[in-house]
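Only one structure is covered here, and it is reproduced in the block below.
Readers should treat all values here as calculations from the given coordinates under stated rules, not as data from a laboratory. Note that this is a predicted model, so its numbers are computed, not measured. Using ideal geometry, Cβ is built from the backbone for each residue, glycine included, and neighbour counts are taken over all protein chains shown.
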Amino acid sequence: MTLLTVKNLSKTFDTGRGPIHAVRDVSLSAGEGECLAIVGESGSGKTTFANMLLGLLAATSGEIIFDGKPLQPRRSARDRQAIQLVQQNPLSSLNPKRTIGASVRLVLDTHRIGDRANRWKTVERALEAVGIPGDMRTRAPSSLSGGQRQRVGIARALACHPRLLVLDEPTSALDVLVQARILRLLNQLREDRGLAYIFITHDLAVVRNIADRVAVFQSGKLVELGTTEQIFSYPQDGYTRSLIGAVPVVDENELALRNKLAVTP
Amino acid sequence: MIRTLRIVGQNPLSLLGLILVALVVLAAALAPWISPFPSHNGAVVDFVYANQGPTARNWMGTDLVGRDILSRILYAYQISLFLSLVVLAIAPPVGTLVGLLAGYMGGWVETILMRIVDVFLSIPPLVLAIAMMGVLEPTLTNAMLAVTVMWWPWYARLVYSLARSEREEGYVLAAEVIGASTAHITFREILPNCLPAIITKMTLDMGFVIIIASSLSFLGLGVQPPTPDLGSMVAEGARYLPDSWWLTVFPGLAILVAVFGFNLLGDGLRDLLGVDE
Amino acid sequence: MTPLLAINSLTLAFKNLFQHTPVLHGISLSIAKGEKVALVGESGSGKSVTARIILGLLQETATAEIGGEVWFEGRDINAMRKAERAALRGTDMSMIFQDPTSSLNPTYTIRSQFVEVLRRRTADLSRGDCDERMISLLEEVRIPDPLRVLEAYPFQLSGGMNQRVMIAMALANRPKLLLADEPGTALDVSVQAQTLSLMHHLVDNHQTAVLFISHNLGVMREFADRVYVIYRGRIVEYGSTGSLFAGPLHPYTQALMAAVPRITGSGLPDLPEISDTFLAPPVSHGGTL
């Protein structure tokens, strides 16, 4: 079942020095429970694209169809609830002056989920589902490790039962051992809850191990779209190949694969 | 708590500030009981002791009509602190509200609010107050009104710039994605992150309001006689310098102690609350 | 042959009235002339403070308590006077930081910042000599239009271009040791790869020794001759890049290596974030410390 369809989506910013075409005529779709990776470097338009999915930016043209219905520029509370975000930097995404529990509870209060009286219980369960003990809900973000903070960010995004999660470089600010655990958690949550992911990243090695399909963006355009298997067996676009060629590798098998894929066929 | 002690330990001047402020507040609160001549707070005349330097009876001397200067300073502190508190109970909330809305919402809200603020900020504060007092009657209430009107735009500026930078933080984005209301985002998310800077500025401003209020009374535009006021006491005595030095020096010192105390305390708070200047 | 840099049981603790926080627990490492050495660790492992000590910057901090020796060309940096340490920086020792754009001053042109760097070594260098040196250095880092770049401000150039300018400046005075603290992490991967290979080529040509500090194992594998792995202020494993990557011996290095996602799609292994085994005694792959 297709959950999300993006048709001819474009975004142009008018600046003093003329228009900037941040996203140009992008069409793609994501199925229920699918993880679609969006890969690109700075200026590729991947963040603008994500902001349009989240309803933070209005598209210049094109449409976003979610669950069979086109999303309006002014999102309903229901539509907002259905698409949530996990940000790159968990230190900035949690308000330093509020407890982690209060940050998660905001979701429940905003969308009036469950009884008021039971909401703290719900918050604790949401934290426990991502591996944070419930009684830590009174802690400030500053007293948590980077990995714990990102877990809280995930708990918050999941608290209103979204069907699609936009993950914007969710592990690139984390240490590699912490990254491994967060990626496993994300995989497990996706399996358990049938979530769909739009996984934005520049790290192709992460993409290889978490995504079902890959969309490669360059200067606002979608230059290649395919299954992860296809992209890492026969990349078609020259830009995709150059991205693969730039991945730092740690073992001989990877080196051989990289050298094979990076050359023009 | 340990952190507090540590910062106080590293910055002994803030401790001095705390002591000075405590002394001033205590002096004002206990004025009716500790002042040697409580009745000298009003229109009393005692020509036998008029215009005398410091003696065992009058530690800081007496004024031109024989009133005890120490007693009048203690009562003047009451007026000064009351005036500062009233000004700081009104100006910061008003300015904060304006600054938060302008800083977070942007667009035409920002344009309109901040142009109004700019108009106020473009007039030198004392000139604005003098103009207002020229139109209004010089009373305590009007003095407070004038100082409040010139004070809130500074808070609007401060909070506006803080809110502008907080708006870029991830937690604001997170609240927007969730769909939280503008009221929630401004007051519950952004405001708590601006509070340390606001509180620090309020502490520093206690001293500055005392100076401005004293300047107004010095010009005869503030609190009117016979109510004791530090500014008018300095003004009256200035004509008799250097002979009757006690008429100006002691009220002047009283202003200095209060302002100095609040400034040091404000600096200490800035370190404690981790506010960047 | 005596090494260019030899660190002996270096310890560091931050102290104040109430607390004493140890950060480095006796680090030893050495770098030979012209050798490329990597110091790999996660955040909080102590890798960046080590660089700051070598640069003689942390010695000036009142709250830092430093023990052990840092021998550079036969002189102990820890025992030097402040002025002597300052004289080393930008001449015999130079550095490249994470974000090239923010480590250049946005209010001066590249030319005026570059001239300042050159005159650190030769104070009376003439304008003409400066220009000649700068242009040849910028050409060396493959900047196509050196004259235009010299007149530009850092914010007018791309991140990759600024990174090349930084490399040219860092190598301008022919330093014996270059410290590179996560260079290019703030840049796009393809730009990062280009500048790293450029840097690789240049330091080989100039016979400059490099201490490369990073969390990225893949980058280290391509760049370094030898690798030291640091965990919580301790060196846990060291050896030649080839043997360390082919067969990591320490439990921490093994976990780190296993945690790196592979483009071959080896999956996401179940590894602990922390473990007591990570604190096991250090392992060597032979060779000098």
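Averaged across A:170-179, how many Cβ atoms of other chains sit within 10 Å of each residue's Cβ atom? Could you put the intermediate results ahead of the total?
Working: counts 0, 1, 1, 1, 2, 9, 12, 13, 5, 5.
Per residue, the average neighbour count from other chains is 5.
Within the set A:Lys11/A:Lys46; A:Lys7/A:Lys46; A:Lys11/A:Lys221; B:Lys201/C:Lys15; C:Lys36/C:Lys176; A:Lys7/A:Lys69, which residue pairs have Cα atoms separated by over 22 Å?
B:Lys201/C:Lys15
For chain C, the longest stretch holding no trypsin sites (Lys or Arg not before Pro) located in a DSSP loop with at most 15 other Cβ atoms within 10 Å is which? Write out the running numbers ahead of the final one.
Details: sites that count: C:Lys33, C:Arg81, C:Arg142.
Answer from the scan: C:143-289.
Do you know the relative contact order of chain B, to the nearest whole percent, from alpha carbon pairs under 8 angstrom that are 6+ apart?
Numbers: 414 pairs, mean separation 75.1, N = 277.
Dividing the mean separation by the residue count of chain B yields 27 percent.
Pull out a ≥ b ≥ c, the square roots of the eigenvalues of the alpha-carbon gyration tensor of the stretch B:2-272, then state rounded if a/c is under 1.5, prolate if not and a/b is larger than b/c, and oblate in the remaining case. Walk me through the numbers before you get to the answer.
Values: a/c = 3.19, a/b = 1.88, b/c = 1.70.
Prolate shape, in that a/c is at least 1.5 and a/b is the bigger ratio.
In degrees from 0 to 90, rounded to the nearest 10, what is the angle of the helix B:140-166 Cα long axis to the longest principal axis of chain B?
Approximately 30 degrees, to the nearest ten.
Straight-line reach from C:Lys82: which aspartates and glutamates have Cα under 14 Å away, leaving out those fewer than 8 places along the same chain?
Cα-Cα hits under 14 Å: C:Glu60.
Whole number please: convex hull volume per residue, Cα atoms of the protein assembly as shown, in Å³.
Values: hull volume 186.9 nm³, N = 831.
Taking only Cα atoms, the protein assembly as shown has a hull volume of 225 Å³ per residue.
Across the residues of A:91-99, average count of Cβ atoms on other protein chains within 10 Å?
Average per residue, whole number: 6.
On average, how many beta carbons from a partner chain sit within 10 Å of the beta carbon of a residue in B:43-49?
0
To check you understand DSSP bridge types, tell me what percent of the beta bridges within chain A (both residues inside) are antiparallel, rounded to 5.
Percentage antiparallel, nearest 5: 55.
Compute the length gained on full extension between A:Tyr234 and A:Glu252: take 0.36 nm times their separation in residues and subtract their Cα-Cα distance, giving the result in nm to one decimal.
4.5 nm
In nm, to one decimal, how far is the C:Gln207 label point from the C:Thr61 one, both placed 7 Å along Cα→Cβ?
3.5 nm
Under the definition of Cα pairs under 8 Å and six or more residues apart, what whole-number percent is the relative contact order of the stretch C:148-215? Walk me through the intermediate numbers first.
Numbers: 48 pairs, mean separation 26.6, N = 68.
Relative contact order of the stretch C:148-215: 39 percent.
Just rank B:Val149, A:Val26, fewest to most, by other beta-carbon atoms within 10 angstrom.
B:Val149, A:Val26
On a straight-distance basis, which aspartates and glutamates could pair with A:Lys121 in a cross-link, Cα separation under 17 angstrom, same-chain partners fewer than 8 positions away excluded?
The reachable aspartates and glutamates, counting only those whose Cα sits under 17 Å from A:Lys121, are A:Asp109, A:Asp135.
Compute the angle between helix C:159-172 and the longest alpha-carbon principal axis of chain C, please, reported from 0 to 90 degrees and rounded to the nearest 10.
The two axes meet at around 80 degrees.
What does the net charge come to around A:His202 if you take all other residues with beta carbon closer than 14 Å to its beta carbon, with K and R at +1 and D and E at -1?
Spelling it out: positives minus negatives among the neighbours equals -3.
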